[in-house]
Amino acid sequence: MSRPPGRKQENHKISRELFVLTYGALVAQLCKDYEKDEDVNTCLDRMGYGIGIRLIDDFLARSAVKKCRSYSETADMIAQVNKIYIL
């Protein structure tokens, strides 16, 4: 899903404490909803995978990097670009 061309990029930052509380509440609710720990882990794994895919898609859409053909090439490209941003 792409953003409209005229729209300004927005960077949202949240505090570490808010993230920890939100994630903790999510995990607590999943523990109440599922009886087995394995089911909770499976749900968290699926959610994490989906979030990771969206982050990578967004990163590649916003950056001017070439199309990657493998997982390792994607990881190398992200590491190189993030290294530039950190410096």
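The values are calculated or read from the model by the stated rules, or taken from the named source; none is laboratory data. Being a predicted model, the structure only gives us computed values, none of them experimental. Remember, those area values only see protein heavy atoms, side chains included, never the ligands or the DNA or RNA. Shrake-Rupley method; radii C 1.70, N 1.55, O 1.52, S 1.80 Å.
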Give me a comma-separated list of calculated 3J(HN,Hα) values for the range 43-48, in order, Karplus coefficients 6.51, -1.76, 1.60 applied at θ = phi - 60°, integers in Hz, x for any Gly or Pro.
5, 5, 5, 4, 5, x
Length added when fully stretched, Ile53-Thr22, from 0.36 nm per residue minus Cα-Cα
9.1 nm
Of Arg69, Arg62, which has the most accessible area with a 1.4 Å probe, and how do the rest follow in descending order?
Arg69, Arg62
Residues with amide H under 5 Å of Tyr34's amide H, sequence separation 5 or more or different chain, H placed in the peptide plane at 1.01 Å from N; which?
none
